[in-house]
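Before any comments, here is the structure.
The values are calculated or read from the model by the stated rules, or taken from the named source; none is laboratory data. Note that the structure is predicted; figures quoted are calculated from it, not measured. No Cβ is skipped: glycine too gets one built from the backbone with ideal geometry, and neighbour counts run over all protein chains shown.
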There are 2 protein chains.
Amino acid sequence: MSNDDAMRQYNIQNYRTPDGYTSDIAVFTIVSEKTAEYKPPSMTLKLMLIKRAKHNSEKQFNIEAEKWALPGGFVQDDETAFEAAGRELLEETGVSNIHLKQFGIYDKPGRDPRGWIISNAHYAIVSSQQLAQRRADDDAAEVALFSMDEVYNLNLAFDHREIIKDAFAVIKQDLLLTTVARKFLPEQFTYSELQSVLLTVTDDSAISSDAGFARKIKSLPFIEVVEGQKTQRTSKIPTQLYRFVHTDADIIKPIYTARY
Amino acid sequence: MSNDDAMRQYNIQNYRTPDGYTSDIAVFTIVSEKTAEYKPPSMTLKLMLIKRAKHNSEKQFNIEAEKWALPGGFVQDDETAFEAAGRELLEETGVSNIHLKQFGIYDKPGRDPRGWIISNAHYAIVSSQQLAQRRADDDAAEVALFSMDEVYNLNLAFDHREIIKDAFAVIKQDLLLTTVARKFLPEQFTYSELQSVLLTVTDDSAISSDAGFARKIKSLPFIEVVEGQKTQRTSKIPTQLYRFVHTDADIIKPIYTARY
DNA sequence: TTTTTTAATTAACAAATTGTTAATTATTAT
DNA sequence: ATAATAATTAACAATTTGTTAATTAAAAAA
């Protein structure tokens, strides 16, 4: 029997099929507040949300209108949800070539009043400079950035509160267990800039200690000194620049061999 | 506008919707070969696969027949894929109350010749004792366990080669970065039993060193000594038993504070 | 009964790393 | 010239690791 035969055979079965497949994106950025010249920045991790418009482009009332929501939309039949996330991020914010990672599926029956709709959730890392050029599209009345604390006081659409909670947990974990922090930093960075990024998600004393972290960064196998490159953007004294080593293999340090 | 209105409005849109939503499960087990009395076991991580039958229960030719595949099936509209995974695992192997975790989505257009079918992949951890009582159902002609090496020589259905590759990477990571190893062990275990589980996915010398690991296990905050409990199942000399501490909070040890 | 064998455990100790506080450096601002 | 300050290094005790060897307790063999 050919696959076509099998397909026809499958079609006669009376399974109900999903009413839609959406791709949602938790867009993270780090807002770097420069308190003064020659000072390391103070960073805050923020999530971009859109306020769903009252009406859609055809002047009809929108579902879950006027609630805050993750950007996203329906996946087309010629693309993956990952590709859809990239496309929608471009439509929504005008940015491309963004770090994207799939992190969860939301498929609880009844989660979307429009029917059986499966949401595939991703997170994105966008620099605040890139986001500054964002533009709202038809469906998005308003765009804003919220800190972790602020998000939980909002009126959120669908099950986006749960998705956002998971997104924060995943980005926190990834920032500490992978080298994804590089996506929040320029190609070359100082120890205090990397430290600031990590301190947005942890208060580990081994990371917050300046002397300790400045000593440790030099022995990390996935970071290298950029010889002869210094900057004065974080202090009066010219400061050493570092970069992440290009490597595909990810580091796994077992919890069984760590110090406690 | 009510949600019902919005729903009607949505329905008139002409998006194509998926033709199916499936839940697949990578069932892992550790086969413990007892080489002799009073010896620690030698363990191998194995994946359970089913050989797709030539015909289905209605005597029709099966799609991707006679290839090896992950167990799984269509998600129903009144359940999540996670729940479907549990249900299918019960139908397929007769085991319930199994550790399950969602790890990936496979949605590339054309991945399934039957149409636009989205696969939600999970891994399960089942003891080999539980699997021993497995039973094949109508769709599964044959069931077998394969080591990581063996799997890659098989003729695998759909895109299951890719899913399995990811499943092995995820279970390896989880075994080393979480306490999920407990699911492969009895409630109380010796240091060498835990060590054997970990050595199925790593050759880290800090774990393979007996003296080192036996010393280290006593200082891990998520493992505790079971006072006064000893066993002789791994050696002539009565050996201390340990257990995982009950805790929900997961341990995150940054790669930035590890030793290299 | 004595000896051998073996996994678990402890001991021992040098080497490496960390935690911590203080000192030094290089530059800007006053 | 002096004060201020982030980065960096120094200093050193405390902790942890890597490593090898010794010890323990029970079973098996002689």
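The test for being within 15 Å of the chain's Cα centre (by Cα) and either more than 15 Å from DNA strand D (Cβ to nearest atom) or at positive phi (or both) does not hold for B:VAL143. Only one entry in B:SER205, B:SER209, B:SER196 is of a type outside the set (A, V, I, L, M) and surrounded by 14 or more Cβ atoms within 10 Å (Cβ to Cβ), namely B:SER196. Considering each residue of segment A:252-260 in turn, none proves to be more than 8 Å from chain B (Cβ to nearest Cβ), more than 9 Å from DNA strand D (Cβ to nearest atom) and at negative phi. Residues that are surrounded by fewer than 16 Cβ atoms within 10 Å (Cβ to Cβ), within 12 Å of DNA strand D (Cβ to nearest atom) and facing chain B (nearest Cβ under 9 Å) do occur in segment A:219-234, at least one of them. Within segment A:32-89, the set of residues being among the polar types (S, T, N, Q), in a loop (DSSP other than H, G, I, E, B) and within 20 Å of the chain's Cα centre (by Cα) comprises just one member, A:THR80. Would you check if B:ILE125 is among the aliphatic types (A, V, I, L, M) and farther than 28 Å from B:TYR106 by Cβ? The answer is no for B:ILE125. Looking across segment A:219-251 at every residue that is among the acidic types (Asp, Glu) and out of contact with any strand residue (DSSP E or B) (no Cβ under 7 Å at 6 or more places or on another chain), the one that is nearest to DNA strand C (Cβ to nearest atom) is identified as A:GLU227. For segment B:100-129, the set of residues classified as free of Cβ contacts under 8 Å to residues at least 40 places away in the same chain and either surrounded by fewer than 17 Cβ atoms within 10 Å (Cβ to Cβ) or more than 9 Å from every other protein chain (Cβ to nearest Cβ) (or both) consists of B:PRO109, B:GLY110, B:GLN129, listed by residue number. If you go through segment B:44-72 and pick out every residue that is on the phi > 0 side of the Ramachandran plot and of a type outside the set (Lys, Arg), you end up with 3.
Within segment A:183-218, the set of residues being within 11 Å of DNA strand C (Cβ to nearest atom), out of contact with any strand residue (DSSP E or B) (no Cβ under 7 Å at 6 or more places or on another chain) and facing chain B (nearest Cβ under 10 Å) comprises A:ASP204, A:SER205, A:ALA206, A:ILE207, A:GLY212, A:PHE213, A:LYS216. For segment B:34-58, the candidate set comprises residues that are free of Cβ contacts under 8 Å to residues at least 60 places away in the same chain and more than 16 Å from DNA strand C (Cβ to nearest atom); within that set, the residue that is surrounded by the fewest Cβ atoms within 10 Å (Cβ to Cβ) is B:GLU58. The set of residues in segment B:177-194 being within 19 Å of the chain's Cα centre (by Cα) and more than 18 Å from B:PHE28 (Cβ to Cβ) consists of B:GLU187 alone. Looking at A:ILE125, A:ILE117, just one residue is farther than 23 Å from A:ASP248 by Cβ and more than 16 Å from DNA strand D (Cβ to nearest atom), and that residue is A:ILE117.
Counting residues in segment A:179-193 that are among the hydrophobic types (A, V, I, L, M, F, W, C), touching a residue at least 24 places away in the same chain (Cβ under 8 Å) and away from DNA strand D (no atom under 16 Å from the Cβ) gives one or more. Taking the criterion of being part of a strand (DSSP E or B), within 11 Å of chain B (Cβ to nearest Cβ) and hydroxyl-bearing (Ser, Thr, Tyr), the residues of segment A:14-31 that qualify are A:TYR21, A:THR22, A:SER23.
The residues in segment B:7-31 that are at pLDDT 85 or above and either surrounded by fewer than 18 Cβ atoms within 10 Å (Cβ to Cβ) or within 16 Å of DNA strand D (Cβ to nearest atom) (or both) can be counted, and the count is 3.
Looking at this structure, is A:THR44 modelled with pLDDT of 95 or more and among the hydroxyl-bearing types (Ser, Thr, Tyr)? In short, yes. Examine segment B:221-230 for a residue that is among the basic types (Lys, Arg) and over 26 Å from the mean Cα position of the chain (by Cα), and state whether such a residue exists. Yes, there is a match, as at least one residue in segment B:221-230 is among the basic types (Lys, Arg) and over 26 Å from the mean Cα position of the chain (by Cα). When the residues of segment B:68-90 are filtered to those that are closer than 25 Å to B:TYR152 by Cβ and within 12 Å of chain A (Cβ to nearest Cβ), the one that is surrounded by the fewest Cβ atoms within 10 Å (Cβ to Cβ) is B:GLY73.
Screening the candidates B:ASP248, B:ASP210, B:ASP204 for the property of being within 10 Å of DNA strand D (Cβ to nearest atom) and more than 30 Å from A:LYS218 (Cα to Cα) yields one hit, B:ASP210.
When you check B:ILE237 against the structure, is it within 16 Å of DNA strand D (Cβ to nearest atom), more than 7 Å from every other protein chain (Cβ to nearest Cβ) and either touching a Pro at 6+ places or on another chain (Cβ under 8 Å) or assigned to a loop (DSSP other than H, G, I, E, B) (or both), yes or no? Yes.
If you filter segment B:240-251 down to residues that are buried (at least 18 other Cβ atoms within 10 Å of the Cβ) and of a type in the set (A, V, I, L, M, F, W, C), you find that the one that is farthest from the other protein chains (Cβ to nearest Cβ) is B:LEU241.
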